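The values are calculated or read from the model by the stated rules, or taken from the named source; none is laboratory data. This one's a predicted model, so the numbers in the text were calculated from it and none came from an experiment. No Cβ is skipped: glycine too gets one built from the backbone with ideal geometry, and neighbour counts run over all protein chains shown. Surface areas here come from the heavy atoms of the whole protein model, side chains and all, with no ligands, DNA or RNA. Shrake-Rupley method; radii C 1.70, N 1.55, O 1.52, S 1.80 Å.
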Amino acid sequence: MTVRLDYDSFDLGGMTWEDAEEAIPNADFLVLPTGSVEQHSIHLPVTVDTLRAETLSRELVEAAPERDLSMVRLPTLPYGYSEHHMNYAGTITLSGETYMRVVEEIAQSMSEHGAKRLVLLNCHGGNRSPLKLAGDRIQRDHGVKVFFVHWTDFARDRLKDRFGEEWGHAGDHETSVIELFYPDLVKADKKEPQTRKTRFEARQYTYFDDITEQGGLGDPTESDAEFLEQIVAETTEKILSALESDMEQEE
């Protein structure tokens, strides 16, 4: 029996060590996609953020040569910091300290193989703080320039215009992404407006079920995969422009 793994020429996971020996130091950027395994309400799988990181990083790296940028895509880091979702079954979390250390040691390995720049392409909000702290250590201790790209930040204005204020976790936006790339993983009969329990003005919630009943926010029934296809293309170009601009400022 043959099992197919879809590695492209820019994927480290499909390279031999001889391929990697040439590709890593010659790449303008290495890209580490970061996701999570955590509940995404009753209609989406627990791997939503990891699936987004896998797919959206591929879109980025595939488009890079059009700008004469070379990128190597590292295997997606599937686990993240998701302690706030642990009251829902299926969630897997690393501690913040462990997560930071894992990301730093991945970068340290790449540094030893000649990496110059590392893009942390993040698709899970809970990873933001530990990733930024890990980025500090990577730049200061391992000599690799870090570019933190929380994908949604580059699409936020367009998403807000289309979906309003509450389109976040397992809502209009993420449902649209999974319907675009992995439609078989969406339980369409379970899509329903998410029930918001409360809205804190200043207090941090302890766990996500403090604020939502089903596990999500927004209204997944308002999802729009066709619109998201446009947003993916636009956001990919915005991210590439930002990376290109930052790289040019080094010269």
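The figures follow:
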{"quantity": "Kirkwood Rh and Cα Rg combined as Rg/Rh, the range 71-124", "calculated": "1.04"}
{"quantity": "Sequence-distant residues sharing a close amide H with Thr212 (under 5 Å, placed H)", "calculated": "Lys197"}
{"quantity": "Table column - 3J(HN,Hα) (Hz), the range 198-206, Karplus curve with 6.51, -1.76, 1.60, x for Gly and Pro", "calculated": "7, 10, 6, 8, 10, 5, 6, 6, 7"}
{"quantity": "Scattering profile of the range 59-174 at q = 0.09, 0.11, 0.21, 0.22 Å⁻¹ [log10 I(q)/I(0), Debye over alpha-carbon scatterers]", "calculated": "-0.30, -0.44, -1.25, -1.29"}
{"quantity": "Under-5 Å amide H pairs with Ile92, H placed in peptide plane, nonlocal only", "calculated": "Val37, Glu38"}
{"quantity": "Karplus-derived HN-Hα couplings along the range 188-197 (A = 6.51, B = -1.76, C = 1.60, θ = phi - 60°), whole Hz, x at Gly and Pro", "calculated": "4, 6, 9, 5, 7, x, 7, 8, 7, 7"}
{"quantity": "Sequence-separation-based contact order of the range 1-126, relative, with Cα cut under 8 Å and 6+ spacing, percent", "calculated": "36"}
{"quantity": "Environment charge at His40 (Cβ cut-off 9 Å; Lys +1, Arg +1, Asp -1, Glu -1)", "calculated": "-3"}
{"quantity": "Per residue, in Å², the accessible surface of the range 163-251 once ligands and nucleic acids are set aside, probe 1.4 Å", "calculated": "55"}
{"quantity": "Cα-based convex hull, the range 1-116, per residue volume (Å³, whole number)", "calculated": "138"}
{"quantity": "Linear extension gain, Lys238 paired with Asp141, 0.36 nm per residue minus alpha-carbon span", "calculated": "32.0 nm"}
{"quantity": "Sequence of Glu250, Glu213, Glu226 when ordered by accessible area, the most exposed leading, probe 1.4 angstrom", "calculated": "Glu226, Glu213, Glu250"}
{"quantity": "DSSP bridge orientation in the chain - percent antiparallel, rounded to nearest 5", "calculated": "15"}
{"quantity": "Semi-axis lengths, Å, the range 98-162, gyration tensor of Cα atoms, sqrt of 5 times eigenvalues", "calculated": "26, 12, 8"}
{"quantity": "Met247 accessible area, assembled protein chains, probe 1.4 Å, Å²", "calculated": "30"}
{"quantity": "FRET efficiency for Glu213 and Asp157, using Cβ-Cβ distance with R0 set to 30 Å, rounded to 0.05", "calculated": "0.55"}
{"quantity": "Fraction of accessible area attributable to carbon and sulfur, the chain (%, probe 1.4 Å)", "calculated": "46"}
{"quantity": "Vicinal HN-Hα couplings computed from phi for the range 89-102 (Karplus, 6.51 cos²θ - 1.76 cosθ + 1.60; Hz; Gly/Pro x)", "calculated": "4, x, 6, 10, 10, 9, 5, x, 5, 5, 4, 4, 5, 4"}
{"quantity": "Equivalent ellipsoid, the range 102-251 (semi-axes from 5 times Cα gyration tensor eigenvalues, Å)", "calculated": "33, 20, 14"}
